[in-house]
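Let me begin by presenting the structure, written as structure tokens, before commenting on it.
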Amino acid sequence: MSWDVAVIGAGIAGLTAARRLTDRGLRCVVYEKARGPGGRCSTRRQGDTSFDHGAISFTSRSPRFQVQVEGWMARGLVAEWAHRSARADGRGRLEDRGVQRALVGTPRMSVLTRDLARDLEVVTERRVTRAQKTRRGWELDLEDGVQTIPFRALVVATPAPQAAALLPAAAAFREAVASVRCEPVHATMASFDAPLDTAYDRIDFETGPLECAVRNASKPGRSDRETWVLHSSSAWSQEHLDASQCEIACVLAAELGRVVPLGQGATQLRTHRWLLARAQAPSRAGAFWDPKLALGVCGDWLRGDEIEDAFESGHELAERAEQTLARGAPSWAMQSTR
Ligand SMILES: Cc1cc2nc3c(=O)[nH]c(=O)nc-3n(C[C@H](O)[C@H](O)[C@H](O)COP(=O)(O)OP(=O)(O)OC[C@H]3O[C@@H](n4cnc5c(N)ncnc54)[C@H](O)[C@@H]3O)c2cc1C
């Protein structure tokens, strides 16, 4: 059995590209370093509760993404999250912003990537350490010392700094990728014994260590336990990159406590550090594709910093790759497997 395309990264962008290329009859393998697909659209489970510690919610604007979202909604994988929202100023005063509406995966954000990964060949817990083009095609070195079979094409679907480290010097867009810097964000996941005494499900902070605090349990389909996700501001995270989980959690929880009484306090606090949370200045290229090298790059940072950007970038990459790959092997290309 021969394989056509290796995709590095099982986030929204990589999975969208792999799905589309698979639908066109190409055989794809997705390599992911984490334990499951998801990337920054993941959910952390703790016992019977779960926390959307990456993307909070999302919107859909482009016709293509709207079609995808309608399909998810019809299957009960996405629902509208109507939430009461406020803005906190530097003095801890809350300004009511009324009921806002956004979309969320149900019962957790990670269903989006689980669904995109359905029926695809996704190899998890395999970090790709090197990619090189030989006479036989693209060959990848994996962290455990294994080398993959050769692929006709390679798609790198990771945040820009990780992509730059994998691209060969021959790639014309390598410099453009390497020039994109990313900012960190800390996500503290907090559980409480009883609902916090506030009408708000989301509070955005104008200044200080916290950027926003979200009552995770207010999203549709979640368990009733009082859970909150606290996202730091990137500037604050940058200054506290090496602080311990415990220090970060205490500061962020205390910041929430300035605007909402925390009752008996949190029963559990955990923190995750997103080192490459978002691009400082996203490129607007959409996707990169080099037909001679059969090498491409996609990811949210090629359009913006949201789920929809990752989805659109994955499609754009696949669109360009299809044309090259179809010319190379007319016998299988462009035939839908579904
Ligand atoms: C804290 C936070 C809050 C957010 N909030 C929102 C929000 O409210 N709304 C919204 O729309 N978006 C939000 N986002 C952004 C959204 O999560 C991203 O736009 C989207 O998930 C990016 O998808 P992606 O596929 O481009 O990249 P990623 O999700 O980063 O996927 C890249 C994948 O590549 C893998 N990988 C990297 N290097 C290697 C390697 N060498 N080998 C193998 N695998 C590798 C990674 O493990 C990862 O799974 C948020 C992000 C963060 C971090």
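The values are calculated or read from the model by the stated rules, or taken from the named source; none is laboratory data. Here the structure is a predicted model, which means the values were calculated and not measured. All Cβ positions, even for glycine, are placed from backbone atoms using ideal geometry, and neighbour counts span all protein chains on display.
In region 5-41, what residues are in a loop (DSSP other than H, G, I, E, B) and near the ligand (Cβ under 8 Å from one of its atoms)? Steps first, please.
Let us first name the residues in region 5-41 that are in a loop (DSSP other than H, G, I, E, B), namely 9-11, 24-27, 32-41.
Selection gives Gly9, Ala10, Gly11, Glu32, Lys33, Ala34, Pro37, Gly38, Gly39, Arg40, Cys41.
Quick one: count up the residues across region 223-240 that are in contact with a strand residue (DSSP E or B) (Cβ under 7 Å, 6 or more places away or on another chain) and more than 15 Å from the ligand (Cβ to nearest atom).
Number satisfying all stated conditions: 4.
Filter region 211-225 down to the residues that are closer than 16 Å to Leu252 by Cβ and without any contact (Cβ under 8 Å) to a residue 60 or more places away in the chain, then identify the one that is surrounded by the most Cβ atoms within 10 Å (Cβ to Cβ).
So in region 211-225, the residues closer than 16 Å to Leu252 by Cβ come out as 211-216.
Among the residues that remain, those that are also without any contact (Cβ under 8 Å) to a residue 60 or more places away in the chain are: 211, 213.
On the way: Glu211: 21, Ala213: 28.
Ranking the candidates gives Ala213 first.
Return yes when Ala117 is of a type outside the set (S, T, N, Q), buried (at least 19 other Cβ atoms within 10 Å of the Cβ) and within 24 Å of Gly257 (Cα to Cα) and no when it is not.
No, not satisfied.
Could you list all residues from region 189-240 that are in a loop (DSSP other than H, G, I, E, B), within 22 Å of the chain's Cα centre (by Cα) and under 15 Å from Gln46 (Cβ atoms)?
Residue satisfying the conditions is Arg222 alone.
When you check Ala254 against the structure, is it more than 20 Å from the chain's Cα centre (by Cα) and of a type in the set (A, V, I, L, M, F, W, C), yes or no?
When the stated conditions are applied, Ala254 passes them.
Out of region 244-298, which residues are of a type in the set (Asp, Glu) and closer than 13 Å to His186 by Cβ?
Within region 244-298, Glu247, Glu255 meet the criteria.
crowded, with 23+ Cβ neighbours inside 10 Å and of a type in the set (Gly, Ala, Ser): is that true of Ala172 in this structure?
Judged against the criteria, Ala172 is not a match.
Residues of region 47-106 being within 16 Å of the ligand (Cβ to nearest atom), part of a loop (DSSP other than H, G, I, E, B) and of a type in the set (Asp, Glu), which ones?
Asp52
Under 8 Å between Cβ atoms, at least 6 apart or on separate chains: pull out the pairs that start in region 104-123 with a residue that is closer than 11 Å to Gly221 by Cα and end on any residue that is assigned to a helix (DSSP H, G or I).
Pairs found: Gly105/Trp72; Gly105/Val111; Gly105/Leu112.
Regarding Thr129, is this residue within 14 Å of the ligand (Cβ to nearest atom), modelled with pLDDT under 95 and either charged (D, E, K, R) or touching a strand residue (DSSP E or B) at 6+ places or on another chain (Cβ under 7 Å) (or both)?
no
Please verify whether region 132-146 includes one or more residues that are buried (at least 17 other Cβ atoms within 10 Å of the Cβ) and under 20 Å from the mean Cα position of the chain (by Cα).
So in region 132-146, the residues buried (at least 17 other Cβ atoms within 10 Å of the Cβ) come out as 133, 137-140, 142.
Next cut, under 20 Å from the mean Cα position of the chain (by Cα) only: none.
Within region 132-146, not a single residue is buried (at least 17 other Cβ atoms within 10 Å of the Cβ) and under 20 Å from the mean Cα position of the chain (by Cα).
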